[in-house]
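The structure appears right after this line, and notes come after that.
The values are calculated or read from the model by the stated rules, or taken from the named source; none is laboratory data. Computed from a predicted model, the values in this text were never measured in an experiment. As a convention, Cβ positions derive from the backbone with ideal geometry for all residues, glycine included, and neighbour counts pool all protein chains shown. These area figures cover heavy atoms from the full protein model, side chains too; ligands, DNA and RNA do not enter into them. Shrake-Rupley method; radii C 1.70, N 1.55, O 1.52, S 1.80 Å.
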Amino acid sequence: MRIGFVSTYHNALPPPWRPFYGGESFYNGLVRNLDKNHEVHLFAPPGSDKPKNGKLYYIHHTEQGAINIA
């Protein structure tokens, strides 16, 4: 099964400053566990870890409040 996750554009997954605390850490654990048996496509900011069985797409915040996917 293919699963797509869209993260916040502020913090990388896993967050480097608090790897075991907060929403981003929960989200990271969810992606890592689903990645064991499924193809996960993660939309996250630069610095995020690539899923083993999927792809990582970088997202960036713009001044207009939009999100660009690179």
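A few points about this structure:
- Cβ-Cβ distances below 6 Å connect the following pairs, each with a first residue in the range 43-59 that is among the small types (Gly, Ala, Ser), a second residue that is open to solvent by less than 70 Å² (accessible area, probe 1.4 Å) and in a loop (DSSP other than H, G, I, E, B), and a separation of six or more residues or different chains: 44/7; 44/13; 47/12; 48/12; 48/13.
- Residues that are part of a strand (DSSP E or B) and among the aliphatic types (A, V, I, L, M) within the range 30-60 comprise 40, 42, 44, 56, 59, listed in sequence order.
- Looking only at the range 28-52, and only at residues there that are of a type in the set (S, T, N, Q) and surrounded by 15 or more Cβ atoms within 10 Å (Cβ to Cβ), the one that is nearest to residue 1 (Cα to Cα): 28
- Screening residue 9 with (1) open to solvent by less than 50 Å² (accessible area, probe 1.4 Å); (2) of a type outside the set (Lys, Arg); (3) at pLDDT below 90 gives one miss only, at (1).
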